[in-house]
């Protein structure tokens, strides 16, 4: 079963020509932590999500995947 996507961090980094390592350095975070966010294995806390959006020059909501599945 594929990992469910909650964020678009990896996509936005790719669109902007930036890397996980760049983001990790900007946030003073471990490369492995950022990699986990990009693979949706783990999620950043809300404060960090807003910081990522600020660094990328976008709205935080643009980093989130809209859940279109109906339960």
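Checked against (1) surrounded by fewer than 13 Cβ atoms within 10 Å (Cβ to Cβ); (2) in contact with a helix residue (DSSP H, G or I) (Cβ under 7 Å, 6 or more places away or on another chain), residue 54 meets all criteria but (2). Which one is nearest to residue 21 (Cα to Cα), of the residues in region 37-47 that are surrounded by 15 or more Cβ atoms within 10 Å (Cβ to Cβ) and out of contact with any strand residue (DSSP E or B) (no Cβ under 7 Å at 6 or more places or on another chain)? The extreme case among them is 38.
Values quoted throughout were computed directly from the atomic coordinates according to the rules given, and no laboratory measurement underlies them. The model shown is predicted, which means the values in this text are computed figures rather than measured ones. Cβ atoms come from the backbone with ideal geometry, glycine included; neighbour counts cover every protein chain shown.
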